[in-house]
Amino acid sequence: MTYIEGEIERVRPQRFHETAGLEDWRVLGEGACAYFRAGSLAAGARLVQAISELPDAEAGHPDIDVRYDGVTVRLITLTDDFYGLSARDVELARSISALARTLGIPADPSAVQTVQVTVDALAGPDVVRFWRALLGYADRANSPEDLIDPHRRGAPFYFQRMDAPRPQRNRVHVDVWVPYDQAEARIAAAIAVGGRLVSDAHAPSHWVLADPEGNEACVGTAGWIGPDPTRR
């Protein structure tokens with residue numbers, strides 16, 4: 001649901017996906033993402049130029065990655081006490097999609113993902129301080145167990161608190177955030193090449209997989225359809 005806190009109208013992932021005009025976008029672990037298949041660097045540059053001229057672009061500070069064949073755009077509202085989606089992101093996403101259609105540049109919602117590194121930690125705060133210093137990362141707003149790249153280029157780190165050692169499991173694993181409508185295909189592909197499903201207890205929020213040697217990884221969908229699940 002949408003709710004108000006301070007001056008920010010916050011938007012949950014399910015509401016974002018249910019909003020008309022946002023079919024090009026998928027909510028991942030770090031906000032709403034879209035990929036536009038420009039086909040050439042010149043076409044991608046035209047799209048970026050058009051985005052920069054939108055009235056809300058400066059305030060919305062979209063993260064834009066331009067490659068020779070396409071443009072990835074990520075939207076997220078970041079303040080001292082909030083890191084997530086807002087009504088401003090909804091309107092900016094609509095405007096960007098409209099620009100892309102005007103320029104004849106199609107979107108491919110299946111082409112976005114976010115990779116997060118998760119560390120199981122007994123002494124959570126001490127471990128977080130080490131990785132914060134080592135990576136040059138910053139705390140995520142209101143989330144002492146999350147670190148983010150202040151330049152928003154590197155993978156985020158999440159520190160999962162343990163009550164007891166788990167010698168039978170890897171202590172560091174990768175979370176792969178994919179569009180909610182791509183998760184089952186990604187899981188099937190991993191299993192087809194020798195992986196196995198460890199747990200689907202929290203699906204469709206996330207599934208736990210393991211490679212042929214037992215190293216675990218998670219496939220997550222921040223933009224689930226259904227009730228808000230419990231985060232792993």
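The values are calculated or read from the model by the stated rules, or taken from the named source; none is laboratory data. Computed from a prediction, not measured in an experiment: that's the story for all the values here. Note that we place each Cβ from the backbone using ideal geometry, even for glycine, and neighbour counts take in every protein chain shown. When the accessible area is computed, the model is the full protein with side chains, heavy atoms only, and any ligands, DNA or RNA have been set aside. Shrake-Rupley method; radii C 1.70, N 1.55, O 1.52, S 1.80 Å.
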Handout entry: Checking Glu58 against (1) outside any loop (DSSP other than H, G, I, E, B); (2) surrounded by 14 or more Cβ atoms within 10 Å (Cβ to Cβ); (3) of a type in the set (D, E, K, R), the condition it does not meet
Key = (2)
Exercise for the section: Working only within region 3-26, note down all residues that are in a strand (DSSP E or B) and modelled with pLDDT of 95 or more. Expected result: Arg26
Problem - Filtered residues of region 61-96 (kept if farther than 19 Å from Gln14 by Cα and part of a helix (DSSP H, G or I)) - result: Ser95, Ile96
Handout entry: Candidate set from region 14-25 (those that are in contact with a strand residue (DSSP E or B) (Cβ under 6 Å, 6 or more places away or on another chain) and open to solvent by 30 Å² or more (accessible area, probe 1.4 Å)); member that is farthest from Ser143 (Cα to Cα)
Key = Asp24
Problem - Filter pass, Ala121 being modelled with pLDDT under 95, within 30 Å of Met162 (Cβ to Cβ) and more than 17 Å from the chain's Cα centre (by Cα) - result: yes
Problem - Residue list for region 19-41, restricted to those being in contact with a Phe, Trp or Tyr (Cβ under 9 Å, 6 or more places away or on another chain), of a type in the set (Gly, Ala, Ser) and without any contact (Cβ under 8 Å) to a residue 60 or more places away in the chain - result: Gly31, Ser40
Exercise for the section: Give just the number: which of (1) open to solvent by 30 Å² or more (accessible area, probe 1.4 Å); (2) over 23 Å from the mean Cα position of the chain (by Cα) does Met162 not satisfy? Expected result: (1)
Completion exercise
Considering residues that are at pLDDT below 95, among the polar types (S, T, N, Q) and surrounded by fewer than 20 Cβ atoms within 10 Å (Cβ to Cβ), the number found within region 78-102 is 1
Problem - Filtered residues of region 138-159 (kept if modelled with pLDDT of 90 or more and open to solvent by 70 Å² or more (accessible area, probe 1.4 Å)) - result: Asp139
Practice task
With the checklist (1) within 15 Å of Leu28 (Cα to Cα); (2) open to solvent by 60 Å² or more (accessible area, probe 1.4 Å); (3) modelled with pLDDT of 90 or more in hand, flag the one item Ala185 doesn't pass.
Solution key: (1)
Practice task
Keeping to region 1-60, report how many residues are under 21 Å from Ser86 (Cα atoms) and aliphatic (A, V, I, L, M).
Solution key: 14
